[in-house]
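A quick write-up on the structure given underneath.
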């Protein structure tokens, strides 16, 4: 019974974190807010973010309120699972989980867009367009470095490798910080 409850809490916390991080990425990438998926994410997150933005405004296209809520959701989840132990490890784990979720969203978005470019080339599906807008700030620096080779774009592959490396570095750093490694 306890495992089922912990699983349910994890699903709820992961979904909430996903929506707030998606909102952060939408604004950071300056994605199309008239996209139906963007509208759904905005409607889901606005009731919490609007009042919080009065206290914690964003800077340029960075939505600090969305990041803060994602961190608080993860901290509450870790606190509930651990029974409210020391605050510093809870904050560290919450920060680590939030950052790794953000990296995972970017990684999966790159993979989905890359697969869709082979299967549904030239598709204008709203979800694919939105994912493409989200990953563009991550992939575009690699496009500037790598030339197009025979019509193939290797920038998403290099971006994926860079994101995996970043995640491994962060795992090592957080492991040392929390005394796990």
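Some points to look at:
- Residues 53, 43, 23 in ascending order of nearby Cβ atoms (within 10 Å, fewest first): 43, 53, 23.
- Entry note, the chain: the mean residue ellipticity at 222 nm calculated from DSSP H runs of n ≥ 4, each adding -39500 (n - 2.57), is -27500 deg cm²/dmol after division by the residues and rounding to the nearest 500.
- Computed from Cα positions, the angle between helix 155-177 and the longest principal axis of the chain comes to roughly 20 degrees.
- For the chain, the longest principal axis of the Cα atoms and the long axis of helix 36-55 meet at an angle of about 50 degrees.
- For the range 15-54, projected area of the alpha-carbon convex hull averaged over all directions, nm²: 2.8 nm²
- With neighbours defined as other Cβ atoms within 10 Å of a residue's Cβ, the residues 86, 46, 63 order from fewest to most as 86, 46, 63.
- Estimated FRET transfer efficiency when R0 is 45 angstrom, pair residue 124-residue 171 (beta carbons, to 0.05): 0.75
- Against the chain, whose longest principal axis is taken from its Cα atoms, helix 87-119 shows a tilt of about 20°.
- Relative contact order, whole percent, for the range 3-119 stands at 30, derived from Cα pairs under 8 Å and 6 or more residues apart.
- Where labels lie 7 Å past Cα in the beta-carbon direction, separation of residue 114 and residue 95 in nm: 3.0 nm
- For the range 114-181, the mean projected area of the C-alpha convex hull, equal to one quarter of the hull surface, is 6.2 nm².
Each value in this text was obtained by applying a stated rule to the coordinates, not by laboratory testing. All of these numbers come straight from a predicted model, not from anything done at the bench. So basically every Cβ, Gly included, is an ideal-geometry build from the backbone, and we count neighbours across all protein chains shown.
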